[in-house]
Amino acid sequence: MLKAFADLSTPLLADACVRLGVPLRLAPPGVGAVTPGHRVAGRVLPARHYGSVDVFLEAYGRAEKGDVLVVDNGGRTDEACVGDLTVLEARASGVAGLVVWGLHRDTPELVEIDFPVFSYGSYPAGPVRLDQQGPDALVSARFGPHTATGDDVVFGDRDGVLFLAADRVDEVLDVAHGIRRTERAQAERIEAGDTLRAQTAFDDYLTRRAADPTYSFRRHLRRIGGAVEE
């Protein structure tokens, strides 16, 4: 999955979702890679954290190569729920990365391990609580307003994290590649002196909008084959 994502980005996937009418399922702003530049893509391996690392070890026992551990820690800012040992065990289990709705710790060690970990930042203290593990601990993981399961694929890069239903991934990736080709061609033309306003026939758009206030720029782009907003 990471190879399929290699030439793409989460913004391109988001634009493809909009074009296809696929609901956008994005992590709230702020999630990022511990090591800048890391990317991640793979089937969701969900785990809800209740204060102990055992839920992660149990999840790893179910992992398939290339899965991404998606940790639901409720977005808590009063504890770090993953650290170097959790990440080392993930790598040993064939997991491709971690995406955490919460915080991490052991940052220098994680950088040295050089394994994709996405979180909302670092915090020195681990959990001091120990809640009762729920029956859905390994079935689903919440991430902001969204819920992810093993039927989903997660993608992460410098712009954020996006979840997709596995049965929609191929068509979203295909459309995203098409958008990328169009945008790259437009970028090359701008650098060569052909402005974006000229490429998008912007004066024509303004004329049409004046005659028909319902004529939106997105409608105009679809008519001429541009790809600026989706």
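The values are calculated or read from the model by the stated rules, or taken from the named source; none is laboratory data. From a predicted model like this one, the values you see are computed outputs, not experimental measurements. As a convention, Cβ positions derive from the backbone with ideal geometry for all residues, glycine included, and neighbour counts pool all protein chains shown.
A few notes on this one:
- Filter pass, residue 99 being touching a strand residue (DSSP E or B) at 6+ places or on another chain (Cβ under 9 Å), closer than 19 Å to residue 59 by Cβ and of a type in the set (A, V, I, L, M): yes
- Residue in region 122-140 that is under 20 Å from residue 26 (Cβ atoms), assigned by TED's automatic domain parsing to the domain that holds residue 27 and not hydroxyl-bearing (Ser, Thr, Tyr) present: no
- Every test in (1) of a type outside the set (Ser, Thr, Tyr); (2) touching a helix residue (DSSP H, G or I) at 6+ places or on another chain (Cβ under 7 Å); (3) surrounded by fewer than 20 Cβ atoms within 10 Å (Cβ to Cβ); (4) over 22 Å from residue 159 (Cα atoms) is passed by residue 47 save one, and that test is (3).
- Residue match in region 26-41 (condition: touching a residue at least 40 places away in the same chain (Cβ under 8 Å) and closer than 21 Å to residue 129 by Cα): no
- Residue among 170, 212 that alone is more than 28 Å from residue 31 (Cα to Cα), at pLDDT 95 or above, acidic (Asp, Glu) and out of contact with any Phe, Trp or Tyr (no Cβ under 8 Å at 6 or more places or on another chain): 212
- Only residues that are crowded, with 17+ Cβ neighbours inside 10 Å and at positive phi were counted in region 67-96, giving 1.
- Here residue 171 meets the list (1) acidic (Asp, Glu); (2) in contact (Cβ under 8 Å) with a residue 40 or more places away in the chain; (3) not in a helix (DSSP H, G or I) almost entirely, failing just condition (3).
- Only listed residue being without any contact (Cβ under 8 Å) to a residue 40 or more places away in the chain, in a helix (DSSP H, G or I) and either under 12 Å from the mean Cα position of the chain (by Cα) or over 23 Å from residue 59 (Cβ atoms) (or both), chosen from 179, 190: 190
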